[in-house]
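First the structure, in the form of structure tokens, and then the observations on it.
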Amino acid sequence: MELAEALELCRVSLFRTQTRLARMKLFAFGLILLVGTALSGENFVNEITAVRCKDVWIECRFDAARMRQDKAVLWHHCHNDVCTNIQHYENGVDQLQHRAASRRGRVYPDKFRDGNASLFIENVQMSDEGHYECNVALTEGLYTKFSVLTVLASSEPPQLTEALDTRSFTCSSRNGFPPALVSWAGGSGMNYTPDSVTQHTLNPEGLYDVVSKLTRRFTEEETICCTVWNQPLQEHKTNCTRVTPGQETDDQHLLTATLIPVALFILACCVGFMIYRYLSKGRQNPADDRIRKRISSCSHHTVIVLIGRPHHGMPSLINSCVFAYKVKEHFANWAGADKDPPHYAQPEEVPLTERITITRALLQPEDRFWTSERDSYLDKWRREEQSHRHPFVFVHSCTEMLTTVAKDEIKELFEDIKSVTGSYPFTGLTKKNQGHAEELVPFFHSLGSKRVFTFHNYTIQEHKRTPKRDEEFLDFMNACIEETDSETVRLIEDV
Ligand SMILES: Nc1nc2c(ncn2[C@@H]2O[C@H](COP(=O)(O)OP(=O)(O)OP(=O)(O)O)[C@@H](O)[C@H]2O)c(=O)[nH]1
Ligand SMILES: *[C@@H]1O[C@H](CO)[C@@H](O)[C@H](O)[C@H]1NC(C)=O
């Protein structure tokens with residue numbers, strides 16, 4: 001430091017009137033100064049710190065009594081290796097008047113006789129920093145005073161802004177020197193500085209602008225403060241802002257609060273629909289399923305007796321009933337449909353449940369189908385009536401129109417069945433898709449048949465299951481079971 005000063009001293013321009021000798025003296029003085037400084041460690045350089053925009057005095061006091069006649073004073077300023085004469089007085093005349101506008105500072109020539117050649121700088125700027133040298137011509141030689149001016153700049157009050165996303169805050173302060181330190185704190189004393197990033201930029205005026213960004217999510221109300229600190233000036237400036245958990249945060253909460261239930265609802269619907277589809281594969285129609293339950297829970301030993309002639313579709317009707325009830329089973333020819341005569345080869349009874357079976361009483365194909373063989377059947381039925389229930393169903397195909405003889409035979413049959421069970425049989429009309437059920441239905445009603453059912457049977461050739469088709473047969477079986485129940489009730493009442 002001192003060495004640099006000394007070298008600079010050697011370099012500086014000297015008075016015009018300075019003799020060669022004087023120069024050598026100056027050089028010698030510089031050396032003595034250098035050595036003296038090195039030996040004693042005493043500071044010959046006046047260190048001045050000024051605050052930007054303020055005024056400063058750079059002192060230069062000397063022994064006025066020894067001042068040379070011409071009262072020569074020269075001020076020299078070196079900044080960033082650029083040295084200029086800033087004041088030069090001789091005989092009380094300003095020698096630099098031609099560039100008065102561009103130079104800095106002023107001296108007061110009338111104070112020279114007091115030994116005061118101090119330099120006054122108004123509104124100090126960064127460009128005023130550097131080395132100052134005051135030279136005063138004394139009778140025995142040159143008096144020189146060195147000064148170093150440091151200018152500090154108090155940065156402007158920080159601006160604190162909140163970013164739109166409410167998760168970052170920006171603190172900025174301009175025109176500081178040296179670069180300001182930035183710290184972040186919460187009202188509760190929390191130190192948020194570790195969450196911040198600070199950047200300094202040197203601006204054209206030689207000052208530092210600072211921008212610090214704090215990124216942090218605040219879930220509760222908080223006061224956050226940003227402080228810019230000029231360490232050598234021991235000066236800090238603070239700005240605070242109140243943080244309320246942001247609008248956007250609320251929106252997100254709202255979004256999640258609505259989206260999640262909606263998503264869950266949709267998911268539940270999908271799952272529900274899949275479960276429904278899975279279950280409905282097996283059970284189709286809840287009403288059908290109730291009837292199946294009722295049939296399976298029937299605890300009475302029941303034999304449904306179908307009475308009819310060949311080729312009226314009785315085996316197909318039995319198959320249809322079993323198929324409609326056994327919803328999970330594939331179609332099978334349980335009753336032996338489409339078999340050629342003799343018919344006794346067919347199973348006598350087809351089981352439906354553990355307690356319910358379906359059987360058939362096959363009549364002769366010719367005109368007098370009933371009256372020729374009634375006695376053996378009636379005996380059998382009367383005997384069986386003791387042990388189990390007998391819902392009777394007369395089966396007739398819609399494809400066959402009724403002759404007078406056939407009508408009489410059927411009437412006879414109905415009366416006989418009533419004599420056994422106490423009520424007329426139901427009627428089942430098959431092949432309704434091929435014939436004219438509507439012409440037959442009234443006739444059977446007129447005979448006293450309480451229920452006349454019409455069927456489109458499931459057949460070996462065609463047995464595509466639908467809930468609607470199942471329902472025809474389930475209804476029919478349900479009615480048969482109920483009929484015997486009410487018969488039982490009536491019988492009990494009679495007793
Ligand atoms: N379109 C239609 N065809 C049926 C219906 N019921 C039975 N069939 C058909 O009629 C034919 C005879 O049916 P089966 O169930 O064997 O009746 P069946 O000839 O009276 O049988 P047996 O009593 O043994 O003489 C078969 O080819 C069946 O496919 C029905 O409701 N509609
Ligand atoms: C030198 O003169 C100036 C201008 O009048 C004055 O303000 C300053 O105090 C003087 N310095 C000293 C040390 O007397």
>> Taking the beta-carbon count within 10 Å as an exposure proxy, list 264, 447 from fewest neighbours to most.
In response: 264, 447
> Is the shape of region 295-494 best called rounded, prolate or oblate, per the rule: a/c under 1.5 gives rounded, else a/b larger than b/c gives prolate, else oblate, with a ≥ b ≥ c the square roots of the Cα gyration tensor eigenvalues?
Replying inline: rounded
> Which ³J(HN,Hα) values in Hz, rounded to whole numbers, follow from the phi angles of region 393-402 under the Karplus curve 6.51 cos²θ - 1.76 cosθ + 1.60, where θ = phi - 60° and Gly and Pro get x?
Replying inline: 9, 8, 10, 9, 8, 5, 7, 10, 6, 8
> Using unit Cβ charges (K, R positive; D, E negative) and no other charged atoms, how large, in debye to the nearest 20, is the dipole of region 373-413 about its Cα centre?
Replying inline: 180 debye
>> Net charge within 15 Å of residue 184 by Cβ-Cβ distance, Lys/Arg positive one each and Asp/Glu negative one each, not counting residue 184 itself?
In response: +3
> In terms of the Cα gyration tensor, with a ≥ b ≥ c the square roots of its eigenvalues, is region 387-483 rounded because a/c is under 1.5, prolate because a/b exceeds b/c, or oblate?
Replying inline: oblate
> Near the amide H of residue 361, under 5 Å away, which other amide H atoms are found, from residues 5 or more places off or on another chain, if H is placed in the peptide plane?
Replying inline: 306, 307, 308
> Sorted by average packing, counted as other Cβ atoms within 10 angstrom per residue and highest first, what order do 111-122, 423-434 take?
Replying inline: 423-434, 111-122
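Return the Rg/Rh ratio of region 159-245 with Cα-based radii and a Kirkwood Rh.
Using only Cα positions, Rg/Rh for region 159-245 is 0.99.
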>> Need one word for region 376-433: rounded, prolate or oblate. Basis is the Cα gyration tensor (sqrt eigenvalues a ≥ b ≥ c); a/c below 1.5 gives rounded, then a/b vs b/c decides.
In response: prolate
> For region 388-462, with only Lys/Arg (+1) and Asp/Glu (-1) charged at the beta-carbon, what is the dipole magnitude about the Cα centre, in debye rounded to 20?
Replying inline: 320 debye
> What is the distance in Å between the Cα centres of region 293-316 and region 77-109?
Replying inline: 133 Å
>> Exceeding 32 Å between C-alpha atoms, which entries from my cross-link table qualify? They are 326/432; 328/380; 293/411; 411/431; 328/431.
In response: 328/380; 293/411
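Only the coordinates and a few stated rules stand behind these numbers; no lab work does. None of the values given here were measured: they were computed from a predicted structure. Every residue, glycine among them, receives a Cβ derived from its backbone with ideal geometry; neighbour counts consider all protein chains shown.
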